[in-house]
1. Within the stretch 141-152, how many residues turn out to be of a type outside the set (K, R) and open to solvent by 20 Å² or more (accessible area, probe 1.4 Å)?
2. Take the stretch 98-140 and flag every residue that is within 30 Å of M50 (Cβ to Cβ), part of a helix (DSSP H, G or I) and open to solvent by 10 Å² or more (accessible area, probe 1.4 Å).
3. For the stretch 201-234, how many residues meet the condition of being closer than 24 Å to R185 by Cα and either surrounded by fewer than 19 Cβ atoms within 10 Å (Cβ to Cβ) or among the aromatic types (F, W, Y) (or both)?
4. Of K211, K230, K163, which residue is modelled with pLDDT of 95 or more, touching a Phe, Trp or Tyr at 6+ places or on another chain (Cβ under 7 Å) and not in a strand (DSSP E or B)?
5. Please enumerate the residues belonging to the stretch 188-200 that are modelled with pLDDT of 95 or more and open to solvent by less than 40 Å² (accessible area, probe 1.4 Å).
6. How many residues, within the stretch 37-96, are in a helix (DSSP H, G or I), open to solvent by 30 Å² or more (accessible area, probe 1.4 Å) and within 20 Å of Y241 (Cβ to Cβ)?
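The values are calculated or read from the model by the stated rules, or taken from the named source; none is laboratory data. Keep in mind it's a predicted model, so treat the numbers as computed, not measured. Neighbour counts run over all protein chains shown; Cβ positions are idealised from the backbone, glycine included. Remember, those area values only see protein heavy atoms, side chains included, never the ligands or the DNA or RNA. Shrake-Rupley method; radii C 1.70, N 1.55, O 1.52, S 1.80 Å.
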Amino acid sequence: MRKILLGLSMVFALTGAASAQTFKIHTGIIPPYINEAEGGKGSGVILEIMTGALSAANLNYEIISAVPWKRAQSDAIGEPGSLVSPFARTPVREPDWTWVAKILEEKMYVYVPAGAAKPANKDELLQVASLGVLSGGAPESVAKELNLEGVMQGVAAESMNAKKLVAGRLNAWMSQGYMATAGMREAEVPAGQIERKFELRDLPLWVATSKSTPPDHVALLQAAFENFLKTPAYTAILAKYQ
């Protein structure tokens with residue numbers, strides 16, 4: 001009996017310690033996933049899901065002011081209790097992080113100037129002379145998977161890719177659906193100038209944490225997101241941004 005009580009005490013102690021942790025949310029401005037992240041406040045579909053899950057589980061968190069996306073990942077990778085999203089779980093990233101939860105279904109698409117015949121499939125994508133991607137984002141990671149480093153052109157915002165595509169400075173642009181739509185809107189590209197040519201793959205978005213985050217803290221985070229994704233509050237967030 002004494003051993004059982006001691007075991008329970010250890011479980012409660014670990015849970016209490018994890019609950020007292022302030023989890024730090026690192027990200028960049030990537031509309032509409034992250035529209036704002038500054039001074040401890042933020043907005044965007046991903047950020048609202050993250051803060052909603054943590055708040056519902058009574059977990060402490062801090063929103064770190066947004067920095068360039070590559071730097072956000074660099075800042076978070078060695079920090080216990082860090083949280084990073086929107087994150088596509090690609091083979092390039094897989095070994096470097098502990099994966100907490102899949103929080104948004106997304107797809108990777110290839111966009112071309114309206115009327116362009118190619119690339120119309122993956123094989124033709126591998127032959128392009130120039131490909132626009134978001135630096136540090138999933139498109140860059142997927143381009144590396146496909147051995148397209150030699151032709152990819154990384155930029156800091158998807159609106160820049162939209163502008164370059166309609167100006168004839170890119171053969172193709174690879175991006176997620178939510179992100180590309182926001183980029184075209186921000187770039188004020190007239191309707192019909194860019195065509196979504198084909199779907200490359202499913203690319204759900206995840207929350208990840210540093211490998212230095214203690215396992216009991218990871219388990220608490222995983223439970224928080226698993227529970228929140230079943231709630232009407234999660235459904236309402238998706239509806240707001242769709």
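1. Applying the first criterion (of a type outside the set (K, R)) to the stretch 141-152 yields 141-143, 145-152.
Add one more test, that the residue is open to solvent by 20 Å² or more (accessible area, probe 1.4 Å), and what stays is 145-147, 149-152.
Result for the stretch 141-152: 7.
2. E140
3. Here is the first cut: in the stretch 201-234, the ones closer than 24 Å to R185 by Cα are 201-205.
The next check asks that each one be either surrounded by fewer than 19 Cβ atoms within 10 Å (Cβ to Cβ) or among the aromatic types (F, W, Y) (or both); those that pass are 201-202, 204.
So the count comes out to 3.
4. Working: K230 fails: touching a Phe, Trp or Tyr at 6+ places or on another chain (Cβ under 7 Å); K163 fails: touching a Phe, Trp or Tyr at 6+ places or on another chain (Cβ under 7 Å).
The match here is K211.
5. Of everything in the stretch 188-200, those that are modelled with pLDDT of 95 or more and open to solvent by less than 40 Å² (accessible area, probe 1.4 Å) turn out to be I194, F198, L200.
6. So the count comes out to 3.
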